[in-house]
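First up is the structure itself, then whatever we jot down about it.
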Amino acid sequence: MQKIKTFFCKYRYLHLMMLPCILFFLIFKYVPMYGLIIAFKDYEAVGGFWGILSAPFVGLQNFKRFFSSIYFGRLLRNTLLISTYRLIFSFPAPVIMAILINEIRSTRFKRTVQTITYMPHFLSWVIVSGLLIVLLSPTSGPAAGLFRLLGKEPVALLSDTRYFRSLLVISEVWKSVGWGTIIYLAAITGIDQEIYEAATVDGASRLQKIFKITLPQMADIISIMLILAVGKILDENFEQVFNMYNPAVYEVADVFETYVYRTGILNAQYSYSAAVGVFKSVVSLVLVLITNKLARLMGNEGIW
């Protein structure tokens, strides 16, 4: 007990710095988990917080209702497809961008590229969606002018099921690629420069250095980021989809979070929407465990 007291006293300022982060997770992540029991009850928001305890218990009825609905297959398919596309195109994009930026010799040009690619991250999805609506307008946007220039009829791209998922992925890459390079550039900076010097003496080209030195040295951080990305594979970017989609593309754009919003917030089906959220969280946890295990089997570091 005395050792613990001494430890906290010795590093009291570091613990004080951690306190806001700990409080954030306690208040916004752990305390709300109490409300998950409404997924197994018929809760109608009567009685407020204490009404959760008095609500009748229905077991797995809400889950059975979701699994037997027409929305289950559509939501699972859309979420997995959109997330897979993002994993294929969005995940490697920051890695490639970080390597390309690292290869720039001019410090001023490197900083300029970094600043320009970081900027979209600070735009909200409301602004980005508004820009896309204006740019891709089939009546007055630049896209309409391009279609006419090519001798074709303008297409409402944001209302066309053939293009909507691609637009989601492209806009996600554009917005996040610059910000995602930060952690990879930090990993590249930590590589011992003597390794590169030795490779130069041995006559290695810049491309050989990238594949033989840079990427292997980044393997651990890439595997950790991949595990985190897979963990969010069912956790779609609600703000992006919500601001970009419309009823015309529900068939290909509706995901778990937008469905939970409509059923839980708009239609007040709290227990049913909570059951959908619990299912999504359980599947995400299983995916994290599997990916972490595979990463460790491949010799890379996992989250634990």
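The values are calculated or read from the model by the stated rules, or taken from the named source; none is laboratory data. Here the structure is a predicted model, which means the values were calculated and not measured. Cβ sites come from the backbone with ideal geometry, for glycine too, and all protein chains shown count toward neighbours. The accessibility values were calculated without ligands, DNA or RNA, using every heavy atom of the protein model including side chains. Shrake-Rupley method; radii C 1.70, N 1.55, O 1.52, S 1.80 Å.
With an a/c value of 1.5 or above and a/b not larger than b/c for the gyration tensor axes a ≥ b ≥ c computed over the alpha-carbon atoms, the range 114-271 is described as oblate. Residue pairs exceeding 26 angstrom between C-alpha atoms, taken from K232/K293; K41/K293; K175/K209: K41/K293; K175/K209.
Relative to the compact-globule estimate of 2.2 N^0.38 Å, the Cα radius of gyration of the chain comes out at 1.25. Remark: the range 37-116 carries a charge dipole of roughly 440 debye about the Cα centre, counting +1 on each Lys and Arg Cβ and -1 on each Asp and Glu Cβ.
What percentage of all Cα-Cα pairs in the range 1-147 are separated by more than 21 Å? When every Cα pair of the range 1-147 is considered, 77 percent fall beyond 21 Å.
Both radii were evaluated on the Cα set of the range 80-193; the Rg over Rh quotient, with Rh as the Kirkwood radius, amounts to 1.07. In sequence order, the range 31-46 has phi-based couplings of 4, x, 5, 4, x, 5, 5, 5, 5, 10, 10, 9, 8, 10, 6, 9 Hz under the Karplus curve 6.51 cos²θ - 1.76 cosθ + 1.60, θ = phi - 60°, and Gly or Pro positions carry x. Please work out, to two decimal places, the log10 of the ratio I(q)/I(0) at q = 0.19, 0.26 Å⁻¹ from a Debye calculation in which every Cα of the range 195-236 carries one identical scatterer. Log10 I(q)/I(0), no solvent term: -0.61, -0.81.
For the range 1-157, the Cβ-based charge dipole about the Cα centre amounts to some 660 debye (Lys, Arg positive; Asp, Glu negative; other atoms uncharged). Report note on the peptides 33-39, 171-177: ranked by the mean count of other C-beta atoms within 10 Å, highest first, their order is 171-177, 33-39.
For K41, the residues whose amide H sits under 5 Å from its own are V58, ignoring neighbours fewer than 5 places away on the same chain, with H placed 1.01 Å from N. For the range 237-281 and the range 93-153, what is the separation of their Cα centres, given in Å? When both Cα centres are located, 28 Å separates them. Under 4 °C and 1.567 mPa s, how fast does the range 124-178 diffuse according to Stokes-Einstein, given a Kirkwood radius computed over C-alpha pairs? Answer in µm²/s, whole number. Rounded to a whole number, D works out at 110 µm²/s. Of the complete DSSP H runs in the chain, those spanning 27 angstrom or more by Cα along the long axis with a mean Kyte-Doolittle score not below 1.0 are 164-189, 270-297.
Taking the accessible area of the range 153-304, probe 1.4 Å, and keeping the other protein chains in place, the carbon and sulfur fraction comes to 62%. From most to least packed by mean Cβ count within 10 Å, the peptides 12-18, 92-98 give 92-98, 12-18.
The residues of the chain expose on average 62 square angstrom of accessible surface per residue, using a 1.4 Å probe on protein heavy atoms.
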